[in-house]
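The values are calculated or read from the model by the stated rules, or taken from the named source; none is laboratory data. If you're wondering where the values come from, they're calculated on a predicted model, not measured in any experiment. Please note: Cβ atoms are built from the backbone with ideal geometry, for glycine as well, and neighbour counts cover all protein chains shown.
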Amino acid sequence: MDKNKNAIKSLHDIAESDMSETEFLQAIENNMIPLKEFFTYYKCAIMEIETKFRVLNEQFSINGESNPIEFIQSRIKSYGSIFRKMTAKNVQPSLYEIEKNVSDIAGIRVVCSFVQDIYHLADCFLRQDDIFLIEKKDYIKNPKPNGYRSLHLIVEVPIFLENEKRLVKAEVQLRTIAMDFWASLEHKLRYKKNLSQNMLDMLTDDLKKCADQSAEWDIRMQNIKNIIESDQE
Ligand code: 0O2
């Protein structure tokens, strides 16, 4: 049987349809949904945003300042992770609802050495007239109870296609190397299933201490940098 016989031709059809989760997953399985088109929009948003940060990084070096960005990592959220989020929010996973409810399908992580660079870069980025801020979550000023720190910006960026311009949502996470190092380890712990509750509590507690200590280091290193730079003027 031709798998694509009943293919849904456009994202508009999906937005209009009222599929159950099982039907939706089945449709993906049978390649009936133009997911490639859907995810391509997010890939394009990542390219636009990455370029904006790379341009800013270059400009800082022209001005004789050191490059603030150590590295940029980007990813498209996996289907599994999208569906877990939709289930947690108790929303039907149609592409229309996914687009509306999941703001980090396109994720861009900008890692810097110093905290002040994070805020400076975020300001420069948000001042650009084609970037629309939807939400800012400052987990550096207000860390999560487990110690997680990063600046999150949910934005919309236009992508220019053959016959249309589309606004696409993306999540930018800005953090220091220390925050990134910590978050990677904590992420591993989150997905570790076979630890005893005692061990889990102990590691969670230790990670919280590490987060607080590394935040203190970030502040001290920033102070040292500021003193060195003010002495050069
Ligand atoms: P992954 O694997 O990175 O995709 P919302 O996105 O608003 O519906 P949420 O989770 O409250 O819901 O948003 P928030 O707090 O802004 O977190 C979004 C992302 O930040 C997470 O994506 C993680 O990448 C990162 N993050 C947030 N809190 C933590 C934390 O405590 N530890 C670590 N390591 N990362 C965190 P996902 O979808 O959870 O995961």
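Values as computed for the structure displayed
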item: Options Ala183, Ala215: the member that is under 25 Å from the mean Cα position of the chain (by Cα), closer than 24 Å to Ile76 by Cβ and small (Gly, Ala, Ser); result: Ala183
item: Residue selected from the range 119-149 under the condition of a type in the set (A, V, I, L, M) and touching a helix residue (DSSP H, G or I) at 6+ places or on another chain (Cβ under 9 Å), by the criterion nearest to Asp218 (Cα to Cα); result: Ile140
item: The range 189-233: number of residues that are surrounded by 10 or more Cβ atoms within 10 Å (Cβ to Cβ) and farther than 22 Å from Ile140 by Cβ; result: 7
item: Qualifying helices (runs of 4 or more DSSP H) (wholly inside the range 95-211; at least 1 residues being free of Cβ contacts under 8 Å to residues at least 24 places away in the same chain, within 9 Å of the ligand (Cβ to nearest atom) and of a type in the set (A, V, I, L, M, F, W, C)); result: 177-190
item: Residue within the range 54-66 that is under 15 Å from the mean Cα position of the chain (by Cα) and without any contact (Cβ under 8 Å) to a residue 24 or more places away in the chain present; result: no
item: Any chance Phe71 is assigned by TED's automatic domain parsing to the domain that holds Val110 and more than 20 Å from Ile154 (Cβ to Cβ); result: yes
item: Output for the range 100-136, where each listed residue is more than 17 Å from His187 (Cβ to Cβ), under 15 Å from the mean Cα position of the chain (by Cα) and of a type in the set (D, E, K, R); result: Glu135, Lys136
item: Residue that is farthest from the ligand (Cβ to nearest atom) [pool: residues in the range 56-94 that are surrounded by fewer than 12 Cβ atoms within 10 Å (Cβ to Cβ) and β-branched (Val, Ile, Thr)]; result: Ile62
